[in-house]
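**Q** So that we are looking at the same thing, I have put the structure below in structure tokens.
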């Protein structure tokens, strides 16, 4: 069954999707404005203010400037009644939070903030890690593990628990009962966690380790978690937060969020087409969908279901040159959750499996070369025949150093050569398209775990250094790396290609921020997202503006558009 759902998007915002700075800054362009202040700080910079119209499935957020002023441009807020929310660690909104916006007039509402009744609910995992005790290695065991405690939820629930070390082992076992790419239900009641099969649960419980890279001893992890939580009468840290609020250029942004139709959606991946539609899957349910920004409409189609898996769904998404949508879907002929490649034609609204050898799996991630060939794991597929045309199991190459090699995501340069993040070996692996020879390039920061990223039109491979707290780039022409440092414990997950201004976006799922890097100057801005439990695995540049970033928020079942206005 096909589902088409409107997202209550204002006509004004539709006009703004292709607009730039001029439209936002024009005289009299504000639909709603005011100042944010508190007794403790006076006028406050860096407060995220979110406006949602009555009954709307979307919201718009702005950030107060150095004078404490917030501005909602008329291009993004249509006439109507709005409810306002704020995000500023340590503060709650005390003043009235509803306002009527009229056509042709600028509504005004000053916001007063009081000290938060429970500031602990406002801290991110990065905040907690900067506040609690423990060695670097101990903190590493809580966050820098695949899959870590902070991958599916924040550290808040751990810090507020009273479990002792022995009890934490049982808690860790229970956490292993859930699918690693799921998510806790967020503070907004969105998201989903799936329970694994009994056989998988039994195997995990027998395993003395937590996570698979690096394997982390459950007992030692339990001892550390019990040393920082509220067991033994220990109190929470008194400090409110460690990461600063936005300031300066970081306040010059508009964030638009659309609620996905199914509030339990877990979209691990997404990609945007030339019409500005963001395509997404659900990694633990069988459907494919998109958000059309121009109409504010979601549309979804069912994917074929496997019969012999506990649950399944679609993984990575790649929009082909002709608009065909490619993904990977759980399949009975593939042993693991990440099944076989599948394609969908938006024109006919029909899909089918791509042609693969029997009993063959390919992995979850996709890439595309300039000719439109689709790469799935170690396989190359013809977009016309939808068949496998080449394959190279690079992990069997004798040139690889001894040890574990885990190929994560690939990018393809203009000559058809593959570049793969081998995060367990801290490598970018080059696979020559013609000779099939493997060349290894070590990421400069040791044990940085290069995770996900994309190849740009200049043959530069951009990626997140999840363990290194850095954004990385490998220039495939000069065979050189560049790295840019993000704040401690922020764990950039991936990186976008540069937008038309040359800026690159990288998400930090442990600090609820999206970084914007200017490679020319080295400037790294941190845009604070309006919702807690932020998480995204893949970032695209919105073609409607050429400068905004757009992606799915995995934990909150939302589509998010981050629009810089400087």
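Table: residues versus (1) more than 24 Å from residue 368 (Cα to Cα); (2) at pLDDT below 95.
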{"residue": "437", "(1), (2)": "no, yes"}
{"residue": "451", "(1), (2)": "no, no"}
{"residue": "457", "(1), (2)": "no, no"}
{"residue": "477", "(1), (2)": "no, no"}
{"residue": "485", "(1), (2)": "yes, no"}
{"residue": "491", "(1), (2)": "yes, no"}
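**Q** Taking segment 78-117 on its own, how many of its residues are in a strand (DSSP E or B) and either within 30 Å of the chain's Cα centre (by Cα) or surrounded by fewer than 16 Cβ atoms within 10 Å (Cβ to Cβ) (or both)?
**A** Number of matching residues: 17.
**Q** To continue, here is another question. Please go through segment 184-198 and pick out each residue that is under 16 Å from residue 174 (Cβ atoms) and surrounded by 15 or more Cβ atoms within 10 Å (Cβ to Cβ).
**A** Matches in segment 184-198: 184, 185, 193, 194, 196.
**Q** While we're on this one: Mind checking which residues of segment 40-77 are over 19 Å from residue 556 (Cβ atoms), in contact (Cβ under 8 Å) with a residue 60 or more places away in the chain and surrounded by fewer than 20 Cβ atoms within 10 Å (Cβ to Cβ)?
**A** 40, 66
**Q** May I ask you to say which residue of 336, 312, 351 is in contact with a strand residue (DSSP E or B) (Cβ under 6 Å, 6 or more places away or on another chain) and farther than 15 Å from residue 382 by Cα?
**A** So the residue among 336, 312, 351 that is in contact with a strand residue (DSSP E or B) (Cβ under 6 Å, 6 or more places away or on another chain) and farther than 15 Å from residue 382 by Cα is 351.
**Q** Out of segment 186-205, which residues are assigned to a loop (DSSP other than H, G, I, E, B) and either out of contact with any strand residue (DSSP E or B) (no Cβ under 6 Å at 6 or more places or on another chain) or in the same structural domain as residue 284 (by TED's automatic domain parsing) (or both)?
**A** If the condition is that a residue be assigned to a loop (DSSP other than H, G, I, E, B) and either out of contact with any strand residue (DSSP E or B) (no Cβ under 6 Å at 6 or more places or on another chain) or in the same structural domain as residue 284 (by TED's automatic domain parsing) (or both), then 186, 187, 188, 189, 190, 191, 192, 194, 196, 197 are the ones that fit.
**Q** Tell me whether segment 163-185 contains one or more residues that are more than 20 Å from the chain's Cα centre (by Cα), in a loop (DSSP other than H, G, I, E, B) and either without any contact (Cβ under 8 Å) to a residue 24 or more places away in the chain or within 23 Å of residue 64 (Cα to Cα) (or both).
**A** Within segment 163-185, not a single residue is more than 20 Å from the chain's Cα centre (by Cα), in a loop (DSSP other than H, G, I, E, B) and either without any contact (Cβ under 8 Å) to a residue 24 or more places away in the chain or within 23 Å of residue 64 (Cα to Cα) (or both).
**Q** Moving on to the next point. Testing residue 181 on (1) in contact with a strand residue (DSSP E or B) (Cβ under 7 Å, 6 or more places away or on another chain); (2) at pLDDT below 95; (3) under 21 Å from residue 310 (Cβ atoms), one condition comes back false. Which one is that?
**A** Every listed condition holds for residue 181 apart from (1).
**Q** Can you tell me which residue within segment 482-504, out of those that are closer than 22 Å to residue 146 by Cβ and part of a strand (DSSP E or B), is nearest to the chain's Cα centre (by Cα)?
**A** In this case the residue turns out to be 492.
**Q** Let me ask something additional. Looking at segment 343-353, can you tell me whether even one residue there is over 25 Å from residue 305 (Cα atoms) and at pLDDT 90 or above?
**A** Scanning segment 343-353 turns up no residue that is over 25 Å from residue 305 (Cα atoms) and at pLDDT 90 or above.
**Q** With the checklist (1) within 28 Å of residue 557 (Cα to Cα); (2) free of Cβ contacts under 8 Å to residues at least 60 places away in the same chain; (3) crowded, with 20+ Cβ neighbours inside 10 Å in hand, flag the one item residue 222 doesn't pass.
**A** It is condition (1) that residue 222 fails.
**Q** If you check 256, 265, 295, which single one turns out to be assigned to a loop (DSSP other than H, G, I, E, B) and either within 23 Å of the chain's Cα centre (by Cα) or at pLDDT 95 or above (or both)?
**A** Answer to the check: 265.
**Q** Would you confirm whether any residue within segment 394-402 is assigned to a loop (DSSP other than H, G, I, E, B) and under 16 Å from residue 318 (Cβ atoms)?
**A** no
**Q** Out of the residues in segment 118-131 meeting the condition of being more than 30 Å from residue 30 (Cβ to Cβ) and surrounded by fewer than 20 Cβ atoms within 10 Å (Cβ to Cβ), tell me which one is farthest from the chain's Cα centre (by Cα).
**A** 118
**Q** Checking residue 455 against (1) closer than 30 Å to residue 432 by Cβ; (2) surrounded by fewer than 24 Cβ atoms within 10 Å (Cβ to Cβ), which test does it fail?
**A** (2)
**Q** Return yes when residue 62 is outside the structural domain of residue 188 (by TED's automatic domain parsing), in contact with a strand residue (DSSP E or B) (Cβ under 9 Å, 6 or more places away or on another chain) and assigned to a strand (DSSP E or B) and no when it is not.
**A** It is true that residue 62 is outside the structural domain of residue 188 (by TED's automatic domain parsing), in contact with a strand residue (DSSP E or B) (Cβ under 9 Å, 6 or more places away or on another chain) and assigned to a strand (DSSP E or B).
**Q** Considering each residue of segment 19-37, count those that are over 16 Å from residue 252 (Cβ atoms), modelled with pLDDT of 95 or more and surrounded by fewer than 20 Cβ atoms within 10 Å (Cβ to Cβ), and give that number.
**A** Selection size over segment 19-37: 2.
**Q** Restricting attention to segment 305-312, does a residue exist that is at negative phi and either crowded, with 24+ Cβ neighbours inside 10 Å or assigned to a strand (DSSP E or B) (or both)?
**A** So far as segment 305-312 goes, yes, one or more of its residues are at negative phi and either crowded, with 24+ Cβ neighbours inside 10 Å or assigned to a strand (DSSP E or B) (or both).
**Q** To continue, here is another question. What's the total number of residues in segment 315-345 that are free of Cβ contacts under 8 Å to residues at least 40 places away in the same chain and closer than 16 Å to residue 272 by Cα?
**A** 1
**Q** Residues being surrounded by fewer than 16 Cβ atoms within 10 Å (Cβ to Cβ) and assigned to a helix (DSSP H, G or I): count how many of those fall in segment 228-247.
**A** Here the count works out to 2.
**Q** Out of the residues in segment 466-481 meeting the condition of being without any contact (Cβ under 8 Å) to a residue 24 or more places away in the chain and in a strand (DSSP E or B), tell me which one is surrounded by the fewest Cβ atoms within 10 Å (Cβ to Cβ).
**A** So, considering only residues that are without any contact (Cβ under 8 Å) to a residue 24 or more places away in the chain and in a strand (DSSP E or B), the one surrounded by the fewest Cβ atoms within 10 Å (Cβ to Cβ) is 480.
**Q** In segment 522-538, is there at least one residue being assigned to a loop (DSSP other than H, G, I, E, B), buried (at least 24 other Cβ atoms within 10 Å of the Cβ) and touching a helix residue (DSSP H, G or I) at 6+ places or on another chain (Cβ under 6 Å)?
**A** So far as segment 522-538 goes, no, none of its residues is assigned to a loop (DSSP other than H, G, I, E, B), buried (at least 24 other Cβ atoms within 10 Å of the Cβ) and touching a helix residue (DSSP H, G or I) at 6+ places or on another chain (Cβ under 6 Å).
**Q** With the condition kept exactly as written, say whether any residue in segment 510-521 is part of a loop (DSSP other than H, G, I, E, B), under 21 Å from residue 488 (Cβ atoms) and out of contact with any strand residue (DSSP E or B) (no Cβ under 9 Å at 6 or more places or on another chain).
**A** yes
**Q** So, one more: Taking residue 462 as the residue in question, decide whether it is crowded, with 20+ Cβ neighbours inside 10 Å, in a strand (DSSP E or B) and under 17 Å from the mean Cα position of the chain (by Cα).
**A** yes
The values are calculated or read from the model by the stated rules, or taken from the named source; none is laboratory data. Since the model is a prediction, treat every value here as computed from it, not as a measurement. With ideal geometry, Cβ positions are generated from the backbone for all residues, glycine too; neighbour counts draw on all protein chains shown.
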